[in-house]
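To keep things clear, I will list the structure first and then write my remarks on it.
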Amino acid sequence: MSLTQFKQQVTSVDELVEVIGTPGELALRKELKQLDDHMRRFIANSPFVVISTHGADGRCDASPRGDAPGFVHVLDEHSLLIPDRRGNRRVDTFRNLLETRRIGLLFLVPGMGETLRINGRAAIIRDEDHLAPLIAGGQLPHLAIAVEVEECYLQCAKALLRSKLWENHERPDLSSLPCAAEMFADQAQMPEFDAAKLQVLLDGAYQRLY
């Protein structure tokens with residue numbers, strides 16, 4: 001598929017406003033330049049955040065991060081720390097941050113429809129005094145992402161209400177999906193790793209979260 005197949009593309013802000021309209025005063029005024037007490041409590045109760053970054057070449061990345069509620073530490077109203085846990089070592093997020101230092105965060109709290117959005121600048125840090133409070137599973141993180149908040153606001157619940165994300169009875173039947181090991185095997189196309197071998201590797205990896 002090529003984007004050129006779409007003949008009625010929106011190409012200007014004026015056209016976008018003509019189609020969508022303008023935001024109300026509340027939507028504009030809820031945006032803050034620093035974390036307030038409500039946002040700090042939201043982060044303290046959040047076990048999951050999506051980190052969005054982009055590289056100097058414009059390539060984008062969205063990476064999920066999760067741990068016990070409050071795993072992201074708020075230092076003050078302008079800064080927070082996100083610990084780096086054991087992963088696949090692709091370091092896509094880190095590569096992008098080294099190039100642009102731009103970051104976007106989306107925090108979720110299970111059962112709550114609203115989400116918290118934060119945009120700002122970021123750095124990869126190794127300061128031991130800041131890493132020490134981020135220990136989990138008996139393991140000290142090697143790195144953390146320090147975020148300097150530039151704008152933050154609560155997003156309304158419409159998307160999560162439409163998706164019924166937190167409603168158990170609305171969850172899809174996973175039997176229609178192949179297991180992760182099968183998908184990885186088909187995508188990687190490595191003869192030495194069939195689905196069965198990959199499942200063993202995944203089972204072991206999922207036992208080592210820290």
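Side notes on the structure shown:
- The lysines within cross-link reach of Lys30, meaning a Cα-to-Cα straight distance under 18 Å and a gap of 8 or more places when in the same chain, are Lys158.
- Computed helical MRE - 222 nm, the chain, DSSP H runs ≥ 4 contributing -39500 (n - 2.57), nearest 500: -7500 deg cm²/dmol
- Estimated from the Cβ-Cβ distance and a Förster radius of 30 angstrom, the FRET efficiency linking Leu16 and Asn119 is about 0.95.
- Rg to Rh quotient for segment 3-49, alpha carbon positions, Kirkwood Rh: 1.23
- Working from label points 7 Å from Cα in the Cα-to-Cβ sense, the Arg59 to Leu140 distance is 3.3 nm.
- Amide H to amide H distances under 5 Å link Glu114 with no residue, where only residues 5 or more positions off or on other chains count and H is placed in the peptide plane.
- Residues Leu28, Leu116, Leu154, sorted so that the one with the fewest Cβ neighbours within 10 Å comes first: Leu28, Leu154, Leu116
- The distance separating the Cα centre of segment 84-158 from that of segment 17-54 comes to 15 Å.
- The magnitude of the dipole of the chain, with charges of +1 and -1 set on the Cβ of Lys/Arg and Asp/Glu and taken from the Cα centre, is near 160 debye.
- Filtered trypsin sites (Lys or Arg not before Pro), segment 47-97: DSSP coil and at most 14 other beta carbons within 10 Å: Arg59, Arg86, Arg89, Arg90
- Identified option (computed volume of the Cα convex hull per residue in Å³; candidates (i) 124; (ii) 193; (iii) 136): (ii)
- Dipole-positive endmost among Gly66, Ala27, Gln8 within segment 1-91 (Cβ charges, Cα centre): Gly66
No value in this document is a laboratory result; all are computed from the given coordinates. Please read all numbers here as calculations on a predicted model, not as lab measurements. Please note: Cβ atoms are built from the backbone with ideal geometry, for glycine as well, and neighbour counts cover all protein chains shown.
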